Amino acid sequence: MTLVPPNRARLRTPGLDWSLMIAVGLVLLVGTLLVWSSTSTNDSLTHGHDTAYLRRHLVNIAIGSVLFVMVLATDHRWVRILAPLVYVASVIGLLLVLVMGSTINGSRSWLVLGGMSVQPAEFAKLAVVIGMALVMAERLESSRRRRVNTVDVLLMLAIAGLPAVLILMQPDLGTMLVLGATVFGVLAIAGTPRRWLLALFAAGVAASTAAVTMGVLKAYQVDRFMAFTNPALDPRGAGYNTTQARIAIGNGGLFGQGLFHGSQTRSGFVPEQHTDFIFTVAGEELGLVGAGLLIALLGVVIWRALAIALGSADMFGRVAGAGIACWFGFEAFQNIGMCLGIMPVTGVPLPLVSYGGSSMFASLMAVGLLQNIHLRSGGSLPTRSVAPRVLVGR
Amino acid sequence: MAAVLIRPHLGQRSRWRLFVLQVLMLSLFLTLLTRLWYIQILSGEAYQAQAADQSVRELVVQPARGLIVDDMGRPLVANRTSWVVSLDRTLFHKLGEAERDQLLHRVARAVKEPYRKVRARSLICGEPGSTQGTCWNGSPYQPVPIAEDVSQKVAVTILEQSEDFPAVLAEAQSVRAYPAPFGINAAHVLGYLSPITEGELKAAQKDDDRSVNGASDVGRAGLEKHYDAWLRGMPGYKRVTVDSMGRVLGDDSEVAASPGDTLVTSIDARVQSVAEKSLHQAMTTARKTYDPVTHRNYVADSGAVVVMDAHNGRVVAMSSQPTYDPKQWVGGISSKQLKRLYSAKADNPLLFRATQGQFAPGSTWKPLMAATALSNGFAENTLLDCSSGVQVGNRWFKNYESASYGPITFAEALQISCDSFFYRVGLKFWSQFGRDPRNVNARDPLVSGAKGFGMGSQTGIDIPGESSGRIADRHWKLSYWRAMKDYYCKVDEKGSATGFLRVFAHEFCLEGNLYRQGDAVNFSIGQGDTLVTPVQLARAYAALSNGGTLYEPRVAKAVVSPTGEVVKKVPPKVQGRVKAKKAALRYVDNALKGTPRVGTLAWKFIDFPLDKVRIRGKTGSAEVYGKQSTSWVATYTKDYVVVMMVTQAGTGSGTSGPYVRKIWESLYGVKGMDVKPKRAVIPGTTPPAGLPVFASDGSILPPKGTVSR
């Protein structure tokens, strides 16, 4: 008996995707330094303890790493069983936050549970991606279809729609934007017919226009949104943030002012610098070289996610991988674009970099899932209804 | 058994779309990189400038102003420390509204000022609720002073209990102090300071003048104003880094302030003290004296005294009444104080009668007329009838000043101050050259002679705001008539005026432009429309003393740097020579020697050692329409000129005579009939030639060779 390798796929030891691991590791390292730098002089946050937030961030990474390992090691069957639970938990979280959540910066996004604060919307992003991927994969596999039909699309939209509406009610426009783009990407990769995609795109545009013109979005909300084009529209709020972010980044020049030496960073000119505007620290202290490197590293992460999706064994893996790539990609673009003044100011974190437990946990779980998909790719492990190739030829 | 491998067809479609997604992600990230490059490299400099701009503040360090000292080096104007409580507006505005009010109340209680006042001072000019005068006109980044001259205890409390006083600073600043040696006031000579105005600041900025800033005080009168550029020094700058709250993080760099230069003056504090006291006593005595002409006491509402060095025109003492206290302006003058200064009751204390007040000179004019007459054809042995009056046309010009003495000489006419003698001189010249009253260009030796003594134009003294006096010559008469003709003709037409005004208006309307005999007559005795300032008269008498040189009076002697080096000398400046001939001047000089012996001053100079201290003098009682007469005494020796004037105080010798004597006694160290130069207020009598000595430890000693008392 000989092992006949399948004619397309080579039998390779998949192991972990090391490019992804190294890239994520470097991003986490840079992110840690940036969080430390931006918080060490901010007395109102740290109350005199320079490393308070550094330590908290490291704890977040540690917990996230544990979650990463857990997701990574989960057997694929358990993935398919746990995913709906994660989805339901997120929806419950989103409902709870609307009822008993804390309002920060005008939106009800946080649940405070015994000293810890959780942002359900972050987990919801992961849950939506997994949920949509799962639904689509199950339906296609069980009916042995290739094409995605209307019911599939509607189901996927329903899966995405429920959390989306709850997020919109907070209101968290930034997460909505990212989620919308992600959903669109997932639908596209899942094989949704082009006319559906066009229709959905047009519907999205129409809905946002209506929201503005019919006064669902109030004037100040629109001003705040558009302030990145003209800071004078909201000079104390979003206009100020976007101006200060650009000044800080511009101040960095080619090589930056050096870690812990950014003048605008140390003087607290950019608000929310350890969370949403963390990129400005990179811009000012590490310069074009360092910030560009950070962008490149994130790009590597996304590229690997897409490669993992491409090389995935099954539809679930492909769609989930692509979904995670969309999520990271659009979120990074939104966040960095906001710091650079080409995207509106919204409260969206920079994945794997911003300080924040929920975002870090969800992101590392997503990375874990990517590794999980990668481990099962190359046909080394059976999916539900496929017999191992290796058995052929007896 | 063959297992059926059904590998789900993972779709070309989704592969293709993954590929599209990859391209999309790549382009998004390239966009980010491009934009990053644009901001950091292309626009990098602009953003760096903005970053520097908002994180560095420049605080002005005000310089210490230069001192003003007298001829012996005694400080007349100095500086002292004042604890100033100020408000950091950036931090103040981070507090809530209630907290802000609470803080201001607490500060007001601590510095013992009304809350209203503290609040008014905390506002920047232009803010709603701010009022001119109390609002802060300086940079909004500079702490705003809300209370001055706070006790050290309060200042230390504020510094130590900074949690109770957020955004409040207490620091020591230097402000003007007036040591007032020998109790002098000298307010008009010294001047005062007040904050720079918006217009002045703009003009300075246009000229790129960095010696002033929004919080500067500038000189407004007297020496403080004239020599402000020397006195003010150069501000220093402290650059500090601030955080987004405006809190100071650390010092960046500092340019030290350089203190202003010291002004050495020719004023002598002791002479000034004697002069001020004498003037004050002359006025208070006059107010207690009954005037038989107007049947009430003399009003004596204002006065001036000038003591000048006859050799070079330097001012040794100068005083004016009513006066004010320059300390009012230290730390800002209140609107109540200002109102008081400008009230009718106060009678304009800010006006410097010595240089700005214009008065009819009366008989003090006569020596100038005599010198002019003797230089223009009159012989020394001329005899003219000192009658009780002279008939001119249809008008009788009475001899007010003296009894009728028959034919007398120029010398006697000066000593007894005979009006009719000088009427005849005036008439003679008018007949000789100016018979045609319409001829504006007729020769008038008396007028040109007066102009030659510097009358009718500014003396050029280094005190701002000097008046030029007035010579009412033919040209002036014509232009005045042109200006006022319509008004008086209307009065005449209406016919509602009564008495003097009615007659005057009618005459003026018809013939106001004509220079008639009456005008010449009035001119000869220093009446009519002739006006002089006391310093003009003093300067003219100095010319009589020194042989005919007209000097520009000077109060300042030199400008000295804080380390004692002479930066600028202020030498005596010759303006010209009088037109009168030397022989005429000698004659008049000799004649005036007689005034205190046998003339109008004699009764006030009894038992004065006139042989040793040869005082020449002339009295005057100038008539003023509707008021009591102005009292003048103009005296001089070869060293000094002393002129005293009191308005509405009767005769010169009666009112000012005894007090002018007091000044001469102190100038020469006279006691009884004994003259001891050592006893004089300036030891050795004559003013010191050199400058005070500025020692390295900061003390100022009298000039070499003098002993200050």
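The values are calculated or read from the model by the stated rules, or taken from the named source; none is laboratory data. Just so you know, these numbers come straight off a predicted model, no measurement behind them. Ideal geometry is used to build each Cβ from the backbone, glycine not excepted, and the neighbour counts take in all protein chains shown.
Among the residues of region A:229-242, which ones are under 14 Å from A:Leu340 (Cβ atoms) and free of Cβ contacts under 8 Å to residues at least 24 places away in the same chain? Step through it out loud before you land on a result.
Within region A:229-242, the first condition is being under 14 Å from A:Leu340 (Cβ atoms), and the residues that meet it are A:229, A:231, A:241-242.
Within region A:229-242, A:Thr229, A:Pro231 meet the criteria.
With the condition kept exactly as written, say whether any residue in region B:57-80 is in contact with a Lys or Arg (Cβ under 6 Å, 6 or more places away or on another chain), within 30 Å of A:Ile249 (Cα to Cα), within 10 Å of chain A (Cβ to nearest Cβ) and hydrophobic (A, V, I, L, M, F, W, C). No: region B:57-80 contains no residue that is in contact with a Lys or Arg (Cβ under 6 Å, 6 or more places away or on another chain), within 30 Å of A:Ile249 (Cα to Cα), within 10 Å of chain A (Cβ to nearest Cβ) and hydrophobic (A, V, I, L, M, F, W, C). All of B:Leu42, B:Leu24, B:Leu32 fail the test of being facing another protein chain (nearest Cβ under 7 Å) and modelled with pLDDT of 85 or more, apart from B:Leu32. The set of residues from region A:266-286 being surrounded by 24 or more Cβ atoms within 10 Å (Cβ to Cβ) and either within 10 Å of chain B (Cβ to nearest Cβ) or of a type in the set (Asp, Glu) (or both) comprises A:Phe269, A:Val270, A:Asp276, A:Phe279, A:Ala282, A:Gly283, A:Glu284, A:Glu285.
Just give me the residues in region B:38-56 being touching a Gly at 6+ places or on another chain (Cβ under 8 Å) and either within 30 Å of B:Leu169 (Cα to Cα) or in a helix (DSSP H, G or I) (or both), in sequence order. Those that are touching a Gly at 6+ places or on another chain (Cβ under 8 Å) and either within 30 Å of B:Leu169 (Cα to Cα) or in a helix (DSSP H, G or I) (or both): B:Ile39, B:Gln40, B:Ile41, B:Gly44, B:Ala46, B:Tyr47, B:Gln48, B:Gln50, B:Ala51. Name the single residue that is surrounded by the fewest Cβ atoms within 10 Å (Cβ to Cβ) among those in region B:677-709 being of a type in the set (Ser, Thr, Tyr) and within 30 Å of the chain's Cα centre (by Cα). That would be B:Ser699.
Of all the criteria given as (1) of a type in the set (Ser, Thr, Tyr); (2) in a helix (DSSP H, G or I); (3) over 28 Å from B:Val315 (Cα atoms), the one not satisfied by B:Ser545 is (3).
Looking across region A:287-296 at every residue that is crowded, with 24+ Cβ neighbours inside 10 Å and facing another protein chain (nearest Cβ under 7 Å), the one that is modelled with the lowest pLDDT is identified as A:Gly287.
Within region A:118-133, is there a residue that is among the acidic types (Asp, Glu), under 18 Å from A:Trp327 (Cβ atoms) and modelled with pLDDT of 90 or more?
Going residue by residue through region A:118-133, those that are among the acidic types (Asp, Glu) are A:122.
Adding the requirement that they be under 18 Å from A:Trp327 (Cβ atoms) leaves A:122.
This time we only want the ones that are modelled with pLDDT of 90 or more, so: A:122.
Scanning region A:118-133, I find at least one residue that is among the acidic types (Asp, Glu), under 18 Å from A:Trp327 (Cβ atoms) and modelled with pLDDT of 90 or more, so the answer is yes.
For region B:637-655, residues that are modelled with pLDDT of 95 or more, under 19 Å from B:Gly599 (Cα atoms) and of a type outside the set (A, V, I, L, M) total 1. For region A:242-255, filtered to residues that are at pLDDT 90 or above and over 22 Å from A:Gln334 (Cβ atoms), the residue that is surrounded by the most Cβ atoms within 10 Å (Cβ to Cβ) is A:Asn251. Would you confirm, using the coordinates I've provided, whether A:Val319 is of a type outside the set (Gly, Ala, Ser) and either modelled with pLDDT of 90 or more or touching a helix residue (DSSP H, G or I) at 6+ places or on another chain (Cβ under 7 Å) (or both)? Yes.
Number of residues in region A:260-287 that are assigned to a helix (DSSP H, G or I) and within 16 Å of A:Ile336 (Cβ to Cβ) equals 10.
Run down B:Val570, B:Val598, B:Val613 and say which single residue is farther than 30 Å from B:Val675 by Cα and either aliphatic (A, V, I, L, M) or surrounded by fewer than 24 Cβ atoms within 10 Å (Cβ to Cβ) (or both). Give the derivation first.
Values: B:Val598 fails: farther than 30 Å from B:Val675 by Cα; B:Val613 fails: farther than 30 Å from B:Val675 by Cα.
Just a single option satisfies the conditions, and that option is B:Val570.
Within region B:383-436, if we keep just the residues that are under 18 Å from B:Arg597 (Cβ atoms) and small (Gly, Ala, Ser), the residue that is nearest to the chain's Cα centre (by Cα) turns out to be B:Ser417. When we screen B:Val559, B:Val555 for residues that are out of contact with any His (no Cβ under 9 Å at 6 or more places or on another chain) and not small (Gly, Ala, Ser), the only hit is B:Val559. Counting only helices (runs of 4 or more DSSP H) that sit wholly inside region B:279-380, those with at least 1 residues that are closer than 28 Å to B:Ser524 by Cβ and in contact (Cβ under 8 Å) with a residue 60 or more places away in the chain are B:353-356, B:366-375. Taking region A:256-265 as the range and being facing chain B (nearest Cβ under 8 Å) and surrounded by fewer than 24 Cβ atoms within 10 Å (Cβ to Cβ) as the test, only A:Ser263 passes. Restrict the check to region A:162-171 and report whether at least one residue is under 30 Å from A:Ala320 (Cα atoms) and touching a strand residue (DSSP E or B) at 6+ places or on another chain (Cβ under 7 Å). Yes, region A:162-171 contains a residue that is under 30 Å from A:Ala320 (Cα atoms) and touching a strand residue (DSSP E or B) at 6+ places or on another chain (Cβ under 7 Å). Of all the criteria given as (1) assigned to a helix (DSSP H, G or I); (2) at the interface with chain B (Cβ under 9 Å from one of its Cβ atoms); (3) touching a residue at least 60 places away in the same chain (Cβ under 8 Å), the one not satisfied by A:Gly299 is (3). Within region A:192-224, being more than 29 Å from A:Met156 (Cα to Cα) and either surrounded by 12 or more Cβ atoms within 10 Å (Cβ to Cβ) or modelled with pLDDT of 80 or more (or both) holds for A:Tyr220, A:Gln221, A:Val222, A:Asp223, A:Arg224.
Out of region A:267-295, which residues are among the β-branched types (Val, Ile, Thr), closer than 26 Å to B:Val242 by Cβ and touching a residue at least 40 places away in the same chain (Cβ under 8 Å)?
A:Thr275, A:Ile278, A:Thr280, A:Val281
Anything in region B:432-448 that is surrounded by fewer than 19 Cβ atoms within 10 Å (Cβ to Cβ), of a type in the set (D, E, K, R) and farther than 17 Å from B:Gly512 by Cα? List them, or say none. If the condition is that a residue be surrounded by fewer than 19 Cβ atoms within 10 Å (Cβ to Cβ), of a type in the set (D, E, K, R) and farther than 17 Å from B:Gly512 by Cα, then B:Arg443 is the only one that fits.
Within region B:257-269, does at least one residue satisfy the condition of being closer than 30 Å to B:Val660 by Cα and of a type in the set (Ser, Thr, Tyr)? Looking for residues that are closer than 30 Å to B:Val660 by Cα and of a type in the set (Ser, Thr, Tyr), one finds at least one in region B:257-269, hence yes.
The listed residues are B:Leu414, B:Leu384, and the only one of them that is in contact with a Lys or Arg (Cβ under 7 Å, 6 or more places away or on another chain), over 30 Å from B:Asp309 (Cα atoms) and buried (at least 18 other Cβ atoms within 10 Å of the Cβ) turns out to be B:Leu384. Is it the case that B:Arg502 is farther than 22 Å from B:Ser621 by Cβ, at pLDDT 90 or above and basic (Lys, Arg)? The answer is no for B:Arg502.
For every residue, the table says whether it meets (1) more than 9 Å from every other protein chain (Cβ to nearest Cβ); (2) closer than 22 Å to A:Pro171 by Cα; (3) surrounded by fewer than 24 Cβ atoms within 10 Å (Cβ to Cβ).
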site	(1), (2), (3)
A:Leu310	no, no, yes
A:Ala313	no, no, no
A:Gly317	yes, no, no
A:Ala320	yes, no, no
A:Trp327	yes, yes, no
A:Met338	yes, yes, no
A:Thr346	yes, yes, yes
A:Pro349	yes, yes, no
A:Ser359	yes, yes, no
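Taking the criterion of being among the aliphatic types (A, V, I, L, M) and farther than 27 Å from B:Pro553 by Cα, the residues of region B:343-359 that qualify are B:Ala344, B:Ala346.
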